[in-house]
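Questions regarding the structure given below will be posed in turn.
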Amino acid sequence: MILRRALAREVLLTSFAVTAVIFCIFIVVRVLGFLRQAAEGVIPVDSIFILLFLKVIAYMDVILPLMMFVAMLLVLSRWSRENELTVMAASGLGLSHLLRPVVFLILVGAIIVGSFSLVVGPMAVRSVGAIEHELKSRTDIVGVSPGIFMEAQAGRAVYFVEKLNKDNGRYEGVFAWGSDAGREGVVLAQSAHRHTDPDKGQVFLVLENGVRYEGTPGDSVYRVINFERYTLRDKSTLAAPVRYPLHGWKTIRLWRSWGPHEQKEIAWRIFKVLVLPVLMVFALGFGRVQPHSSRYVSMFSALLVYFTYTNLVTMACARIPNEGVGAMGVLAFVHVGFAFAAAYLFWRRAHDQPLLVRMRPRQRAA
């Protein structure tokens, strides 16, 4: 009982530690990308953290099985290195004695991974799509940070804002330059605000108390227009319904549609749950290292099995829209084959036998 609780506790703690390390790497990479987009004016700075959080949630169903697999390998490898498994064997407790805590870990992990794969992950993808659609529906000037020039409309417009009042959403000290049909115009305004036409769904930028300079580069004559209210239509944003990617659809909607691409998405979501018990049984076999064997070889073999397993399933899922039932059969064969290989590896390790059966030559009679 103590060993079972110790295994479950150490695997969970190690899973949290490994997941934290992977999340730190993932967050650093994603933050750099979001900061680059914010500097280019694609997204506002205040949306970086919510997008980062949703991206992490969307990848949880892929990260968690790998983290539990690696955690189980690390714990059993340490137990083998410190001869704890040897003491267990000397006490009459074999590797099969650890099946009960592993089943408990599989049930807990399957519930968590299934929740993220079937419900929470698609919800996060839909939330990211809604936020990105909202950002695209805003005027180009919304992504400008005060004191920074932003290029928009493929280089045909430049915006600059001195100050942004977050309370009322008004811009102060606005500079706008645009080029259309060879004519350039510069607009300076004391303040500006956004306006959306509810009927046509178009977005406008309303500038107040300013002046517009219009002319052709190289000419000495420019037209100067003083205005109290000047409206610019944002040509890059037209209201449109949000279209989510397939991996953001609800699972119920996928079942109701049941098209070839929907079948692929359903198979991929179910695979994320089915892969966990197979990997945990593999971890039991690879974690039991022989006294004179190198644990690095066992770890490398385990990771090789993981990447081979996931890549084969990914390729089988990708062929479902084209081959249908045939690809489903290949996917089932891959699952059953790796499950059988995991059971065979565990059986050999539990009976303290080598992985491959050595054929001994028969002795000739004298």
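None of the figures in this text is laboratory data; all of them are computed from the coordinates on show. Everything numeric in this text was worked out from a predicted model, so none of it was measured. Cβ placement follows ideal geometry from the backbone for every residue including glycine, while neighbour counts extend to all protein chains displayed.
Sort GLU162, GLU84 by Cβ crowding within 10 Å, fewest neighbours at the top.
On the way: GLU162 12, GLU84 15.
In order of increasing Cβ crowding within 10 Å: GLU162, GLU84.
Count the net charge of all other residues whose Cβ sits under 12 Å from the Cβ of GLY114, scoring Lys and Arg as +1 and Asp and Glu as -1.
+1
Here is a further query. If you rank PHE333, PHE282 by fewest surrounding Cβ atoms within 10 Å, what's the result? It would help to have the intermediate numbers written out before the result.
On the way: PHE333 12, PHE282 25.
So the residues, fewest neighbours to most, are PHE333, PHE282.
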